[in-house]
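Structure first, commentary second.
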Amino acid sequence: MRRDSRLSVALHVLLHMPELGPVVTSEQMGRLLKANPVVVRRTMAGLREAGILRSEKGHGGGWSLARKLESVTLADVYEALGAPTLFSIGPRDESPGCFVEQAVNGALGKALEDAEALLLARLRGTTLADVAASVRRDAARVPRSGSRRTS
């Protein structure tokens with residue numbers, strides 16, 4: 001099953017934006033992500049609608065942060081992307097007649113609800129600034145001569 005990587009892509013771009021400049025084009029983002037700029041624009045559109053990014057058309061236009069990294073949680077970005085399905089597992093039949101399958105659905109459903117609640121709480125409790133600070137800490141540990149890729 002193919003994974004939905006839009007959250008990872010959006011977070012990656014948002015964290016690079018401060019170093020790329022006040023305005024970043026879809027083409028620049030596409031090169032960074034090795035992705036088509038059209039795909040980047042589609043992904044970023046939800047972030048614009050949520051007030052996380054702004055966009056300007058025309059010469060000199062592009063994407064810019066509309067909010068400080070401290071004020072954007074990972075949950076904000078997740079929700080701006082349409083709150084994609086978190087887990088790919090689930091019941092075989094939503095309304096089974098079999099008591100065994102009903103019990104399986106109940107057990108799986110409760111476990112998935114608990115896992116989703118925990119994940120969303122973590123996303124709500126982590127800001128983009130928290131992740132950026134983690135990047136800076138990790139980069140500070142790497143010796144200058146042994147540079148590592150950051151994208």
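Read-outs throughout are calculated quantities, based only on the coordinates presented, and are distinct from any laboratory measurement. Here the structure is a predicted model, which means the values were calculated and not measured. Because the Cβ atoms are built from the backbone with ideal geometry, glycine has one as well, and the counts that use them run over all protein chains shown.
Just to confirm my numbers, what's the Cα centroid distance between the stretch 78-151 and the stretch 8-33 in Å? About 22 Å separates the Cα centre of the stretch 78-151 from the one of the stretch 8-33.
For the chain, modelled as a GNM whose springs connect Cα atoms under 10 angstrom apart, the maximal fluctuation among 41, 122, 136 occurs at 136.
Remark: 126, 43, 85, 25 ranked as 85, 126, 25, 43, counting other beta-carbon atoms within 10 Å and listing the fewest first. Taking the average, over residues, of other Cβ atoms within 10 Å as the packing measure, peptides 16-23, 114-121 rank 16-23, 114-121 from highest down. Relative to the longest principal axis of the Cα atoms of the chain, the long axis of helix 99-124 lies at roughly 20 degrees. Comparing 106, 73, 18 along the charge dipole axis of the chain, the residue lying farthest to the positive side is 18, per the Cβ-charge model. R0 = 25 Å: FRET efficiency of residue 5 with residue 134, Cβ-based, nearest 0.05? The pair residue 5/residue 134 has a calculated efficiency of 0.80. In summary, the aspartates and glutamates within cross-link reach of residue 110, defined as a Cα separation below 17 angstrom excluding same-chain residues under 8 places away, comprise 93, 94, 101. Rounded to the nearest 20, the Cβ-based charge dipole of the chain about its Cα centre (Lys and Arg +1, Asp and Glu -1) stands at 900 debye. Across q = 0.13, 0.23, 0.25, 0.28 Å⁻¹, the stretch 1-64 modelled as identical point scatterers on its alpha-carbon atoms has Debye log10 I(q)/I(0) values of -0.31, -0.98, -1.16, -1.46, in the order of the q list.
Residues whose amide H comes within less than 5 Å of that of residue 72, counting only those at least five positions distant or on another chain, are 128, 129 (H built at 1.01 Å from N in the peptide plane). The alpha carbons of the stretch 72-123 give a radius of gyration and a Dmax of 14.0, 45 Å, in that order.
Here is the P(r) of the chain: all C-alpha pair distances, binned every 5 Å from 0, give 2, 8, 15, 17, 16, 13, 10, 7, 5, 4, 2, 1, 0 in whole percents.
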